[in-house]
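J.: This structure is in structure tokens; I'll ask about it shortly.
The values are calculated or read from the model by the stated rules, or taken from the named source; none is laboratory data. Fair warning: this is a prediction, and the values are worked out from it, not measured in the lab. We place every Cβ from the backbone using ideal geometry, glycine too, and count neighbours over all the protein chains shown. Keep in mind that these areas ignore ligands, DNA and RNA; they rest on the heavy atoms of the full protein, side chains included. Shrake-Rupley method; radii C 1.70, N 1.55, O 1.52, S 1.80 Å.
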Amino acid sequence: SQNDTLRLDALKKIIVDYYIFNQPDSVPYFTRIQYDFANSKNIYSHMFSALNNEGVSYYLQGEYEKAIEYYRKASSVLKITNDYKSLGANYSNMGLIYFENGKYFKAIDNLNQSVFYEDSAGNLKGKAASYTNLGIIYRSIYEDSIASVFYNKSIKVRREIGDSMGVSNDLINIGLIFYDKKLYEDAYSCFNQALVISQQNNFIQLKSKI
């Protein structure tokens, strides 16, 4: 009912506004109340919110395995509701946690899952971000040729959606790969393209303010 949803909305607001960043260790007390009540009423959005915010609270405390556990539980709820966009974001979050902790292949697996769900949702911005993150991970394990493939995939998507600054950043990443390989002309070409895009973007922003 509407009253049930309002109660859950109020509880979520308390968690997010007062506890999650200030007292993350107190969050599970509230998220479990939220989850149990939402579960009893089959309100999936709040079941997801409770599990996801508990995962965030563990991440903020440096308890990464527990954070992953709750992100996975949250993902199970999202699969029931076919919320592909949120699934893409959740798998991206898990991938980045694994990357932070040096678990590169688990990071790659989760980011590939993120690409799949972002693609299913038609969320091109999220898909491009996951491609860029895959490039960063492959670069960190010295797989530069694979990293370049993902940066280029990201550029293609970002051009589709008009994300010029995202294109510029990916060109810089590719340029750095060329630079490390002493392919200075190719590196210069990428850096120059990135510079031109940045200058154009700044000009457009400046013009819009006049």
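J.: Quick check on the chain: helices-only [θ] at 222 nm, where DSSP H runs of length 4 and up contribute -39,500 (n - 2.57) each and the sum goes over total residues. Nearest 500, please.
T.: Numbers: 10 runs with 176 residues, N = 210.
Mean residue ellipticity at 222 nm (helix-derived): -28500 deg cm²/dmol.
J.: For PHE105 and MET165, what is the calculated FRET efficiency with R₀ set at 30 Å and r taken between the beta-carbons, to the nearest 0.05?
T.: Calculated transfer efficiency: 0.50.
J.: Cα-based Rg of the stretch 6-152 per 2.2 N^0.38 Å, rounded to two decimals? If you can, show how the numbers build up before the last one.
T.: Working: Rg = 16.3 Å, N = 147, 2.2 N^0.38 = 14.7 Å.
Relative to the 2.2 N^0.38 Å estimate, the stretch 6-152 comes out at 1.11.
J.: Give the accessible area for PHE30 in Å² (nearest 10); use a 1.4 Å probe, count only protein heavy atoms, and leave out ligands, DNA and RNA.
T.: Using a 1.4 Å probe on the heavy atoms, I get roughly 40 Å².
J.: Can you tell me what the convex hull of the Cα atoms of the stretch 1-92 projects to on average, as an area in nm²?
T.: Averaged projected hull area, Cα only: 5.5 nm².
J.: Rounded to the nearest 0.05, what FRET efficiency is calculated for LYS125 and ASP4 with R0 set to 30 Å and r the Cβ-Cβ distance? Let's see the in-between values first.
T.: Details: r = 33 Å, r/R0 = 1.10.
The calculated FRET efficiency here is 0.35.
J.: How are the alpha carbon pair distances in the stretch 67-162 distributed across 5 Å bins from zero to the largest one, expressed in percent?
T.: Reading upward from the zero bin: 3, 16, 24, 23, 18, 10, 5, 0.
J.: Would you mind listing how long the stretch 56-113 runs along its three principal axes, going by Cα atoms, in whole Å with the largest first?
T.: 31, 24, 12
J.: Give me the 1.4 Å probe accessible area per residue for the stretch 1-138, excluding ligands and nucleic acids, in Å².
T.: Per-residue value: 50 Å².
J.: While we're on this one: Can you tell me the 0 to 90 degree angle between the C-alpha axis of helix 164-180 and the longest principal axis of the chain, rounded to 10?
T.: 60
J.: Moving on to the next point. With every protein chain left in place, what is the accessible area of GLU118 in Å² (1.4 Å probe, nearest 10)?
T.: Counting only protein heavy atoms, GLU118 exposes about 10 Å² to solvent.
J.: Still on this structure, please answer the following. Sort SER76, SER26 by heavy-atom solvent-accessible area, probe 1.4 angstrom, most to least.
T.: SER76, SER26
J.: Anything over 27 Å Cα to Cα? Flag those among LYS12/LYS106; LYS12/LYS73; LYS13/LYS127; LYS85/LYS181, in the order listed.
T.: As for pairs spanning more than 27 Å Cα to Cα, those are LYS12/LYS106; LYS13/LYS127; LYS85/LYS181.
J.: Related question: Please list VAL16, VAL27 in order of solvent-accessible area, largest first, computed with a 1.4 Å probe with all protein chains present. The partial results should precede the final answer.
T.: Values: VAL16 60, VAL27 0 Å².
Reading off the accessible areas and sorting them downward yields VAL16, VAL27.
J.: Using only Cα atoms, what is the ratio of the radius of gyration of the stretch 102-210 to 2.2 N^0.38 Å?
T.: Relative to the 2.2 N^0.38 Å estimate, the stretch 102-210 comes out at 1.15.
J.: Still on this structure, please answer the following. Using the beta-carbon distance between ILE141 and LEU195 and R0 = 45 Å, what value does 1/(1 + (r/R0)^6) give for FRET efficiency, to the nearest 0.05?
T.: It comes to 0.95.
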